[in-house]
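The values are calculated or read from the model by the stated rules, or taken from the named source; none is laboratory data. Worth saying up front: this structure is predicted, and the values here are computed from it rather than measured. Cβ placement follows ideal geometry from the backbone for every residue including glycine, while neighbour counts extend to all protein chains displayed. Please note that ligands, DNA and RNA were not included when accessible areas were found on the heavy atoms of the full protein model with its side chains. Shrake-Rupley method; radii C 1.70, N 1.55, O 1.52, S 1.80 Å.
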Amino acid sequence: MEMQDIRAIAILTLYHGNRAIGYVGFDDCERPRKWSRHEIGVLEQAANILTTLIDQRDVRQEEKQNLEVLKTVSDHFDQIIYASDIQTHEVVFVNRCLAELIGAEPEEIIGRPCWEVLQMQDEVCSFCPISNMIANDGTIIRREHVWEWE
């Protein structure tokens with residue numbers, strides 16, 4: 001501790017449930033001292049925020065891995081697979097088949113409105129199934145909507 005000129009240190013465990021996920025150290029390089037109960041309480045609040053950040057990072061990493069698995073599996077289908085945000089109509093996922101059909105990379109499609117990508121329109125499609133599936137308050141009316149042509 002002398003090399004870093006640390007005079008006092010408080011180390012708190014970062015935990016999620018009963019599982020330790022890390023630790024955070026708080027150093028005082030100005031003076032040797034005891035940490036007060038109030039200071040420890042403030043440091044615990046900081047530790048809780050850091051725990052949330054670590055949890056979010058872990059969730060993002062897990063989502064990224066799941067997305068890669070979905071991409072790998074869906075790219076082996078010859079059918080078009082896509083997902084869009086129900087509020088914004090923004091495309092959030094496309095498979096290889098759709099990207100090839102449009103002649104674009106998935107990254108060029110993701111983020112664009114589905115009505116623009118799939119129907120080449122300037123606004124929401126008049127036949128958009130979302131209004132048949134979701135009420136204005138967000139309540140699910142139907143979980144699926146299927147169109148079939150012969």
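A simple rule links phi to the HN-Hα coupling: the Karplus curve 6.51 cos²θ - 1.76 cosθ + 1.60 with θ = phi - 60°, which for the range 66-73 gives 4, 5, 5, 5, 4, 4, 4, 5 Hz, with x for Gly and Pro.
Couplings 3J(HN,Hα) for the range 117-123, derived from phi with the Karplus relation 6.51 cos²θ - 1.76 cosθ + 1.60 (θ = phi - 60°), are 6, 8, 10, 6, 10, 9, 7 Hz, where x marks Gly and Pro.
Running a GNM on the chain with Cα contacts under 10 Å, which residue among Arg60, Arg112, Arg31 ends up with the highest mean-square fluctuation? For the chain, modelled as a Gaussian network with Cα springs under 10 Å, the answer is Arg31. Taking each residue as 0.36 nm, the span from Asn48 to Ala135 lengthens on full extension beyond its C-alpha to C-alpha distance by 27.6 nm. When the chain is treated as a Gaussian network with alpha carbon springs shorter than 10 Å, the biggest mean-square fluctuation among Phe127, Phe93, Phe77 belongs to Phe127. The helix-only estimate of mean residue ellipticity at 222 nm for the chain, built from DSSP H runs of length n ≥ 4 each weighted as -39500 (n - 2.57), is -12000 deg cm²/dmol after division by the residue total.
Summing charges over neighbours of Trp115, with a neighbour being any other residue whose Cβ is under 14 Å away from its Cβ, gives -4 when K and R count +1 and D and E count -1.
The GluC sites (Glu not before Pro) of the range 1-95 that meet both conditions, a loop assignment by DSSP and at most 12 other Cβ atoms within 10 Å of the site Cβ, are Glu2, Glu30.
Remark: the His38-Ala20 segment gains 4.2 nm on full extension, using 0.36 nm per residue and subtracting the alpha carbon distance. A simple spin-label model places pseudo-atoms 7 Å from Cα toward Cβ; at Gln87 and Glu108 they are separated by 3.0 nm. The heavy atoms of Lys71 offer some 80 square angstrom of accessible surface to a 1.4 angstrom probe. Keeping the other protein chains in place, figure out the carbon and sulfur percent of the accessible area of the chain, with a 1.4 Å probe. Roughly 52 percent, rounded to a whole number. Working from the Cα coordinates of the range 95-135, the gyration tensor eigenvalues give, after taking √(5λ), semi-axes of 22, 11, 9 Å in decreasing order. Per residue, the solvent-accessible area of the range 49-123 (1.4 Å probe, heavy atoms of protein chains only, all protein chains present) comes to 72 Å².
Computed over the chain with a Gaussian network model linking Cα atoms closer than 10 Å, the most mobile of Ser84, Ser36, Ser74 is Ser36.
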